[in-house]
Amino acid sequence: MKNKIIYEDFSLYVEKEESEIPWLKIFTKEPYKELGDVPTGLRTKLWETYDLIEYEMIHYYNPKKINMASFANILPRVHIHVMARFEEDSYFPHPFWGEKQREANLTLPDEAEFHKRVFNALTQKHN
């Protein structure tokens with residue numbers, strides 16, 4: 001199943017990761033290997049995008065914690081994971097790539113509305 005693009009412009013895009021938790025990934029369109037390879041202006045835009053997504057996640061979902069990750073070992077290109085974490089999710093307090101702790105017991109608000117909020121915030125910021 002192809003992941004859904006939430007936002008896209010000439011330099012980056014944001015896609016949804018299929019998961020039980022709200023989880024978005026930010027990619028640069030150019031496949032830079034390391035964050036230090038990303039030109040300064042685009043690096044700034046990448047972090048502004050992260051900040052907006054984090055803000056929207058916190059205010060829409062009220063999670064226990066926001067996790068941010070950028071391993072890029074399997075997919076060797078710059079991308080940032082932004083995940084809303086809840087005490088009731090399957091892996092909390094451990095990373096989502098770790099050992100499952102329990103069956104999730106989550107009741108979350110409408111994901112489509114969250115994606116719309118992210119799209120609108122990013123469109124306003126980057127246009």
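Here is how the numbers come out for the structure above:
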quantity	calculated
Residue among THR40, THR28, THR49 with the largest mean-square fluctuation in a Gaussian network model of the chain, springs linking Cα atoms under 10 Å	THR40
Candidates LEU46, LEU106, LEU12: whichever shows maximal mean-square fluctuation once the chain is modelled as a Gaussian network with Cα springs under 10 Å	LEU106
Dipole in debye (nearest 20) - the chain, about Cα centre, beta carbon charges: Lys, Arg +1; Asp, Glu -1	260 debye
Extension reserve of the THR107-THR40 stretch, reckoned as 0.36 nm per residue once the Cα distance is removed	20.2 nm
Proximal charge balance of LEU106 [Cβ under 9 Å; K/R count +1, D/E count -1]	-3
Positive dipole terminus of the chain, leading residue within LEU122, TRP97, LEU42 (C-beta point charges)	LEU42
Per-residue HN-Hα couplings for the stretch 14-28 [Karplus 6.51, -1.76, 1.60; θ = phi - 60°; Hz; x = Gly/Pro]	10, 10, 7, 8, 5, 6, 6, 10, x, 8, 10, 10, 10, 10, 7
Relative exposure of HIS79, HIS59, judged by other C-beta atoms within 10 Å (fewest first)	HIS59, HIS79
Contact order normalised by residue count of the stretch 11-93, Cα under 8 Å, 6+ apart, percent	34 percent
Cα gyration tensor shape of the stretch 53-121, rounded if a/c is under 1.5, else prolate or oblate by comparing a/b with b/c	oblate
Entry for Kirkwood radius over Cα pairs in Å (calculated from the structure that is shown) out of (1) 17.7; (2) 16.0; (3) 15.2	(3)
Fewest-first sequence of TRP97, TRP23 by Cβ atoms within 10 Å of each Cβ	TRP97, TRP23
Computed E for ASN62/LYS33 - FRET, C-beta separation, R0 30 angstrom, nearest 0.05	0.25
TRP97 versus GLU17: modelled label distance in nm, points set 7 Å from Cα along the beta carbon direction	0.8 nm
Between 0 and 90°, nearest 10: helix 111-126 axis offset from the chain longest Cα axis	20 degrees
Cross-link reach list, lysines versus LYS100, counting only Cα pairs under 28 Å and skipping chain neighbours closer than eight places	LYS2, LYS4, LYS16, LYS25, LYS64, LYS65
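Quick note: the coordinates plus some simple rules give every number you see, no bench work behind them. The shown structure was predicted, so the numbers you read here are calculated from the model rather than taken from an experiment. Because the Cβ atoms are built from the backbone with ideal geometry, glycine has one as well, and the counts that use them run over all protein chains shown.
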